[in-house]
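First up is the structure itself, then whatever we jot down about it.
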Amino acid sequence: MDKVKILFVRGFATALSTGIDTYLGIKIVLEQHYDFIYFDYEPWETLDEVQKRLFKIIHTVKPDILIGHSLGGGLVAKYIKSHTETINKDMKIILLMPLLCKTAFSELMMKILSHSLSFNPKLLLPKSLIMNPMDIYEGGNILNRDFSIISFRQLYDIATEQLTNDLSFISDNPKIKLLYASNENINIIDESVLKQIPTNQLKRVNGLHEPWRSIKINTNKTTDFFSQLLEIVNTSD
């Protein structure tokens with residue numbers, strides 16, 4: 001009997017070419033019982049290129065479970081919205097701290113990037129400008145900052161094209177589950193928006209933007225990310 005196939009869409013600027021696999025812990029856990037595949041992309045690719053390649057891979061691989069983290073979750077959301085009539089109704093979809101909604105911070109950054117990109121469309125900036133390790137995983141501090149120079153064009157394009165506080169596409173598809181971190185400071189979703197999601201489709205996990213990298217939360221509470229994720233993955237619904 002063939003293994004259930006999981007396609008995992010990585011987040012912004014986490015390409016395997018960096019030499020660091022941010023999602024290795026998730027991969028190790030899931031590939032024990034599932035056929036686990038990454039969708040990888042580089043920050044210098046255009047958002048349109050990445051989306052077209054992702055859509056093609058989804059149609060080729062035909063995953064049983066589609067998981068997206070951060071920008072990867074935003075890309076998965078784009079696929080869902082643009083393939084409403086043709087999406088596999090049996091495919092389970094899991095969004096991990098996805099980039100879906102506009103926030104005051106994202107609006108400010110988009111204004112800054114808009115002026116910068118109009119001056120230089122190929123502008124490269126330090127990764128830590130937006131991705132502060134203290135907001136990403138517990139134990140992150142100023143000494144952990146990644147100052148590698150990358151393009152933020154993908155974030156700018158997805159923010160200007162499709163960020164919204166309308167998450168009705170989730171409640172419209174009971175196969176979609178949203179995992180949202182208790183201390184999320186990157187892709188913030190307002191509580192008023194979260195309350196619109198059916199309770200059986202929203203799972204809250206302890207931790208920051210990458211909770212699987214946390215050891216302890218508030219010194220006495222371990223992350224429940226893996227137990228929450230595995231409950232969704234292993235449950236047939």
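Residues checked against (1) at pLDDT below 90; (2) surrounded by 13 or more Cβ atoms within 10 Å (Cβ to Cβ); (3) touching a strand residue (DSSP E or B) at 6+ places or on another chain (Cβ under 6 Å):
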site	(1), (2), (3)
Glu184	no, yes, no
Thr199	no, no, no
Asn218	yes, no, no
Phe226	no, yes, no
Ser236	yes, no, no
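When you scan the stretch 127-139, how many residues do you find that are in contact with a Ser or Thr (Cβ under 7 Å, 6 or more places away or on another chain) and either surrounded by fewer than 17 Cβ atoms within 10 Å (Cβ to Cβ) or of a type in the set (Phe, Trp, Tyr) (or both)? Reasoning before the result, please.
The initial filter retains those residues of the stretch 127-139 that are in contact with a Ser or Thr (Cβ under 7 Å, 6 or more places away or on another chain), namely 127, 137-138.
With the extra rule that they be either surrounded by fewer than 17 Cβ atoms within 10 Å (Cβ to Cβ) or of a type in the set (Phe, Trp, Tyr) (or both), the set shrinks to 137.
The number of residues fulfilling the criteria is 1.
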Return yes when Lys3 is at pLDDT 95 or above and among the basic types (Lys, Arg) and no when it is not.
no
Take the stretch 18-45 and flag every residue that is hydroxyl-bearing (Ser, Thr, Tyr), over 15 Å from Lys3 (Cα atoms) and at pLDDT 95 or above.
Tyr23, Tyr38, Tyr41
Pairs please, first residue from the stretch 102-116 and closer than 12 Å to Arg153 by Cα and touching a residue at least 24 places away in the same chain (Cβ under 8 Å), second anywhere and open to solvent by less than 30 Å² (accessible area, probe 1.4 Å) and part of a helix (DSSP H, G or I), Cβ atoms under 6 Å, 6+ apart in sequence or on different chains.
Met110/Ala159
Among (1) surrounded by fewer than 19 Cβ atoms within 10 Å (Cβ to Cβ); (2) within 30 Å of Pro126 (Cβ to Cβ); (3) under 17 Å from the mean Cα position of the chain (by Cα) - the single one Asn206 does not satisfy
(1)
Matching entry among Asp166, Asp157, Asp172 (being at pLDDT 85 or above, open to solvent by 20 Å² or more (accessible area, probe 1.4 Å) and closer than 13 Å to Phe12 by Cα):
Asp157
How many residues does the stretch 98-126 contain that are of a type in the set (Val, Ile, Thr) and more than 21 Å from the chain's Cα centre (by Cα)?
1
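The values are calculated or read from the model by the stated rules, or taken from the named source; none is laboratory data. Owing to the predicted nature of the structure, the values given are computational and were not obtained by experimental measurement. All Cβ positions, even for glycine, are placed from backbone atoms using ideal geometry, and neighbour counts span all protein chains on display. The area values use the complete protein model at the heavy-atom level, side chains included, leaving out ligands, DNA and RNA. Shrake-Rupley method; radii C 1.70, N 1.55, O 1.52, S 1.80 Å.
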